[in-house]
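Beneath this line is the structure, given in structure tokens, with notes to follow.
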Amino acid sequence: MAFQMKNLFSILFKTIVDILILTVVLATVIAILPNHLFINLPIDPIAYDTDFIADSLDNWNNLLAQRSLRLLEGHIVGPEAFAETDQHLYTGLADGRLVEIHKSSLKIRDVTTFGKSKDCVENEYRKMTECGRPLGLRFSNDGSLYVIDAFAGLFRVNVTTDVKELIDFKNDEIIGIFNDLVFDRNLNVVYISVSSTKWHLDRVPYSILDYEDTGYVFAYDFDKKVSQVLRKGFRFSNGIEISKDNKYLLIAETDTFTIHKIQMKNIHNALKDNKQIVDNEMEVFAKHLPAEPDNIRIDRNGDVWMGAFLVRTDGKSLRDHLSDWPFVRKTVCRVMYLASLVVDFINTNVTPNPMLQMLAFDLYSGHIAYKFMPKNGGVIKLDANTGKIKQILGSNQFNGISEVLVDSEGDLYFGSFRNQFIGKIERGDY
């Protein structure tokens with residue numbers, strides 16, 4: 001009996017070793033295949049530094065989860081960003097809709113959509129390339145709501161009549177993932193962040209793993225009807241804001257855990273001279289943040305509220321550990337992509353199944369990576385003058401926080417491109 005058990009263990013051990021060796025060999029072969037064989041996966045990662053990430057985070061807490069109300073949970077998906085009036089909150093959803101939400105009754109009204117397809121399903125986010133994805137929202141002085149759709153660009157929306165108008169940037173080079181916007185208070189100009197020109201929004205995880213630098217910020221002049229690139233080379237430029245004193249443009253760079261600042265006088269000079277911002281004209285507002293910065297918004301005191309996707313409460317995440325291993329990241333991405341093709345083939349030609357369809361999308365888009373991430377998300381308040389952390393509201397129950405809005409009544413709302421609720425903490429509870 002002992003001999004049989006020993007023999008069985010030996011066979012099992014050999015089988016496991018053989019599988020591991022075969023997996024490593026196949027993964028290596030996949031990784032070294034020529035790039036032209038993966039036209040739909042143009043990933044070419046580079047190494048980068050994450051040694052600044054601390055082993056622990058001081059003052060971490062679960063207050064965001066404990067003190068927040070989860071509004072409309074299960075009735076909406078992906079409320080990414082907000083704009084507000086006295087009575088209403090406006091947000092863009094992952095299914096392509098721009099909606100108006102009454103703050104008291106929570107009644108939802110569809111305002112408009114921005115995608116090309118009319119065959120869109122409520123709360124279905126997998127068709128964003130056809131149905132659109134509204135991201136940044138801002139009201140202008142004339143009462144119009146300006147909305148950035150990740151695929152189509154900038155729209156002017158009348159929230160009373162629901163009439164929308166696409167703004168033509170008059171520049172064929174203005175392409176990519178349109179992310180966020182902010183109005184210049186002294187000029188009839190809007191500044192817009194573009195996260196990437198290499199990847200589409202539905203495959204953002206691949207862009208993050210790629211660590212590529214095709215992000216940029218540009219200005220659109222409403223009077224002259226011209227667009228001008230202000231600064232290139234961002235590694236996923238994301239939220240954009242202007243400081244309360246109107247001295248700086250703030251730009252969140254997600255991949256580098258950094259928020260940059262550029263003096264408005266330098267930007268105005270660049271617009272006047274039709275030139276780009278150079279290296280020595282860009283400063284750091286906050287760096288070595290404990291999470292990737294998403295959208296950034298100022299409150300009435302001028303402090304900056306930042307949506308924090310994945311807060312590093314206990315040191316590096318898996319993505320951070322792979323920062324020095326671009327070959328491994330490339331292998332992982334190619335394996336996910338090829339697996340998506342196999343699953344999609346099975347679902348289409350062998351045994352159609354909603355679960356297989358979802359798995360194929362998660363693999364193709366890279367969203368499957370979200371399922372293996374810790375649930376540590378949060379919102380972070382940064383000092384208006386120093387950029388230092390003043391407050392952290394954390395959550396051990398959900399991550400993916402994309403934007404924080406402190407409204408005119410002092411209530412705090414937060415959204416997420418993934419979660420199915422709007423978080424709210426009433427004034428005095430945060």
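The values are calculated or read from the model by the stated rules, or taken from the named source; none is laboratory data. The shown structure was predicted, so the numbers you read here are calculated from the model rather than taken from an experiment. Note that we place each Cβ from the backbone using ideal geometry, even for glycine, and neighbour counts take in every protein chain shown. Note: accessible area is taken over every heavy atom of the protein model, side chains too, but ligands, DNA and RNA are not part of it. Shrake-Rupley method; radii C 1.70, N 1.55, O 1.52, S 1.80 Å.
Tabulated data
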{"quantity": "Within region 237-256, tally of residues that are in a strand (DSSP E or B), free of Cβ contacts under 8 Å to residues at least 60 places away in the same chain and over 26 Å from Leu310 (Cβ atoms)", "calculated": "1"}
{"quantity": "Given (1) surrounded by fewer than 16 Cβ atoms within 10 Å (Cβ to Cβ); (2) more than 28 Å from Phe398 (Cβ to Cβ); (3) touching a residue at least 12 places away in the same chain (Cβ under 8 Å), index of the condition His288 fails", "calculated": "(2)"}
{"quantity": "Single residue of Phe257, Phe236, Phe222 found to be more than 30 Å from Val332 (Cβ to Cβ) and hydrophobic (A, V, I, L, M, F, W, C)", "calculated": "Phe222"}
{"quantity": "Given (1) buried (at least 16 other Cβ atoms within 10 Å of the Cβ); (2) touching a Phe, Trp or Tyr at 6+ places or on another chain (Cβ under 8 Å); (3) of a type in the set (A, V, I, L, M, F, W, C); (4) more than 30 Å from Pro374 (Cα to Cα), number of the condition Val226 does not satisfy", "calculated": "(1)"}
{"quantity": "Residue within region 142-156 that is β-branched (Val, Ile, Thr) and either surrounded by fewer than 19 Cβ atoms within 10 Å (Cβ to Cβ) or more than 30 Å from Gln87 (Cβ to Cβ) (or both) present", "calculated": "no"}
{"quantity": "Residues within region 77-100 that are in contact (Cβ under 8 Å) with a residue 40 or more places away in the chain, assigned to a loop (DSSP other than H, G, I, E, B) and open to solvent by 20 Å² or more (accessible area, probe 1.4 Å), tallied", "calculated": "2"}
{"quantity": "Pairs where the first residue, in region 398-427, is at positive phi and the second is open to solvent by less than 10 Å² (accessible area, probe 1.4 Å) and among the polar types (S, T, N, Q), C-beta under 9 Å, 6+ apart", "calculated": "Gly400/Ser416"}
{"quantity": "Answer residue from region 257-268, given it is in contact with an Asp or Glu (Cβ under 9 Å, 6 or more places away or on another chain) and either part of a helix (DSSP H, G or I) or open to solvent by 20 Å² or more (accessible area, probe 1.4 Å) (or both) and is nearest to Asn385 (Cα to Cα) among those", "calculated": "Lys261"}
{"quantity": "Enumeration of residues in region 379-400 that are open to solvent by less than 30 Å² (accessible area, probe 1.4 Å), more than 22 Å from Lys244 (Cβ to Cβ) and of a type outside the set (Ser, Thr, Tyr)", "calculated": "Gly394, Phe398, Asn399, Gly400"}
{"quantity": "Any hit, region 339-355, residues being open to solvent by less than 20 Å² (accessible area, probe 1.4 Å), under 23 Å from the mean Cα position of the chain (by Cα) and either hydrophobic (A, V, I, L, M, F, W, C) or modelled with pLDDT under 95 (or both)", "calculated": "no"}
{"quantity": "Failed item in (1) open to solvent by less than 10 Å² (accessible area, probe 1.4 Å); (2) β-branched (Val, Ile, Thr); (3) farther than 25 Å from Leu166 by Cβ, with Ile242 passing the rest", "calculated": "(3)"}
{"quantity": "Single residue of Lys330, Lys316 found to be open to solvent by less than 70 Å² (accessible area, probe 1.4 Å), more than 30 Å from Tyr248 (Cβ to Cβ) and out of contact with any helix residue (DSSP H, G or I) (no Cβ under 7 Å at 6 or more places or on another chain)", "calculated": "Lys316"}
{"quantity": "Failed condition for Ala252, given (1) over 29 Å from Tyr48 (Cα atoms); (2) of a type outside the set (S, T, N, Q); (3) surrounded by 23 or more Cβ atoms within 10 Å (Cβ to Cβ)", "calculated": "(1)"}
{"quantity": "Number of the condition not met by Gly74 [criteria: (1) part of a helix (DSSP H, G or I); (2) at pLDDT 90 or above; (3) not basic (Lys, Arg)]", "calculated": "(1)"}
{"quantity": "Count of region 298-312 residues which are at pLDDT 95 or above and crowded, with 21+ Cβ neighbours inside 10 Å", "calculated": "8"}
{"quantity": "Qualifying positions in region 401-430 - surrounded by fewer than 23 Cβ atoms within 10 Å (Cβ to Cβ) and within 17 Å of Thr254 (Cβ to Cβ)", "calculated": "Arg418"}
{"quantity": "Qualifying residue in region 370-377 (condition: among the basic types (Lys, Arg), open to solvent by 50 Å² or more (accessible area, probe 1.4 Å) and closer than 22 Å to Asp294 by Cα)", "calculated": "yes"}
{"quantity": "Scan of region 118-139 for residues that are surrounded by fewer than 20 Cβ atoms within 10 Å (Cβ to Cβ) and in a helix (DSSP H, G or I), ordered by number", "calculated": "Thr129, Glu130"}
{"quantity": "Sole exception among (1) under 18 Å from Asn171 (Cα atoms); (2) open to solvent by less than 20 Å² (accessible area, probe 1.4 Å) for Ser237, by number", "calculated": "(1)"}
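A quick yes/no check of all residues on (1) of a type in the set (Asp, Glu); (2) within 23 Å of Pro205 (Cβ to Cβ); (3) in contact with an Asp or Glu (Cβ under 7 Å, 6 or more places away or on another chain):
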{"position": "Gly115", "(1), (2), (3)": "no, yes, yes"}
{"position": "Arg133", "(1), (2), (3)": "no, yes, yes"}
{"position": "Phe151", "(1), (2), (3)": "no, yes, no"}
{"position": "Val157", "(1), (2), (3)": "no, no, no"}
{"position": "Lys164", "(1), (2), (3)": "no, no, no"}
